[in-house]
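We did not get these values from a lab; they are worked out from the coordinates using the rules stated. Since the structure is predicted, the reported quantities are computational estimates derived from the model, not experimental observations. Note: ideal-geometry Cβ built from the backbone for every residue, glycine included; neighbour counts use all protein chains shown.
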């Protein structure tokens, strides 16, 4: 096994590309159009891959394709491998059209903060192709195949340099109708408390800071996304602890309000994480400076 060639462990690249495209489109026909091959070729590639793996990847029906349990488990592995290969090729051999940079960040930050600033980002880096991908907050490993990754945590990623994007605070946020029913911080306990799973700081710390003695009235709803929690708060489902970097638009529009401006300094925050190779890239340096300036402006506005 030690001397076995790496290629002996891998299915053919064409089969992997066909599987990934077919899974994304839920269609052999649409995958064929994307890959500029025949529908029969895609079908044959996938069938060959299934034989190679000795596992069915799709349930085929007249309505289209549905991933099996094995297919659902294999798809992110294949997508990550193809992305690594493409990004590595791009970084090492360059872009024929010009310079490029790749950014990978938590999906909540991409939607709630970077997305609205994408136009300004493109203007600031005109002439540089940008590749932006996302991941869930609990992704285990830092990607070494991108120029810059934005992660949430304590900044302790071994082998990578990390710079805080901004110092983050947590503040209670709710719909205006709920705010009108709150006279003092203890009144918060009469509503559901929306808590984000996996975070080190939350309602226990904020209630202690506000001098509120917890009691049996407390009721929590646990969610795995800050965006979902703030959206639920917007709809009057309860009170969330909003992260200053993600609630700017909702506060400005009046969809969310801060009933008590008691801010809890978070032990965790967003970090700009870079591989050793990216540390020497002047354009990535400039990107980091731009992101930090934008984050500081956001913090000042909330």
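If you build a Gaussian network model of the chain, linking Cα atoms that sit under 10 Å apart, which residue out of 252, 286, 60 swings the most?
In this elastic network of the chain, the residue with the biggest mean-square fluctuation among 252, 286, 60 is 60.
In µm²/s, what is D for the range 6-77 at 20 °C and 1.002 mPa s, where D = kT/(6 pi eta Rh) by Stokes-Einstein and Rh is the Kirkwood radius from Cα pairs?
The estimated diffusion coefficient comes to 178 µm²/s.
What's the FRET efficiency of residue 70 with residue 214 using the Cβ-Cβ distance as r and R₀ = 30 Å, to the nearest 0.05?
It comes to 0.05.
Using a 10 Å cut-off on Cβ atoms, rank the peptides 70-83, 182-195, 16-29 from the highest mean neighbour count down.
Working: 70-83: 15.2, 182-195: 17.1, 16-29: 20.1.
Descending packing order for the listed peptides: 16-29, 182-195, 70-83.
Taking the convex hull of the alpha carbon atoms in the chain, what volume per residue do you get, in Å³? Present the calculation step by step, with values, prior to reporting the outcome.
On the way: hull volume 58.2 nm³, N = 302.
With only Cα atoms used, the chain gives 193 Å³ per residue.
If the elastic network links every pair of Cα atoms under 10 Å, which of 151, 213, 263 fluctuates the most in the Gaussian network model of the chain?
213
Enter the angle in degrees (range 0 to 90, nearest 10) between the Cα long axis of helix 39-53 and the first principal axis of the Cα atoms of the chain, meaning the one along which they spread out most.
80 degrees
Out of the DSSP beta bridges found with both residues in the chain, what percent are antiparallel (nearest 5)?
Around 55 percent antiparallel, to the nearest 5.
Would you mind giving the three semi-axes, in whole Å and largest first, of the ellipsoid equivalent to the range 169-265 according to its Cα gyration tensor?
Result for the range 169-265: semi-axes of 18, 15, 13 Å.
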